[in-house]
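So the structure is just underneath, and the comments pick up after that.
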């Protein structure tokens, strides 16, 4: 018998995933270097006037993924305000069952195909936005399994850590 841990307070995360094939061929500056780095599986970044920006990042159409939002603890917020933890803005808890239903798992490896640098453009509860535009977009900088021992393969929940910095 398999025990599956449900989401407690689900909302919808509206996520745009990086489109590797279109990002690779899109070349706005005429530079022959591809806009997508297959070794690191992310868009290439380049230096422009003391800023590091993505060469070009194109996204797939937005998808709605049920999730649970976790905000940092008081200590984590205090560290962020002091400059010790600039990345952690919030975390999204994703359930493997919904990822399966939305075809967001790799059919060969079973890994989630939501990746680093994918962009959160909205969080909605009952079709209404739950974040202000000033808080968005947020980018995924890490995605990891988080439910050791639950579900058919032992990983029912995944945590996506978010930041404002697309280079993180």
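The values are calculated or read from the model by the stated rules, or taken from the named source; none is laboratory data. Small disclaimer: the values here were computed from a predicted structure and weren't measured. We place every Cβ from the backbone using ideal geometry, glycine too, and count neighbours over all the protein chains shown.
Okay, here's what the table says:
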quantity: Hits in the stretch 1-24 (condition: closer than 18 Å to residue 92 by Cβ and either part of a helix (DSSP H, G or I) or modelled with pLDDT of 80 or more (or both)); calculated: 9, 10, 11, 12, 13, 14, 15, 16, 17, 18
quantity: Those residues of the stretch 150-168 which are outside any loop (DSSP other than H, G, I, E, B) and modelled with pLDDT under 80, in sequence order; calculated: 150, 155
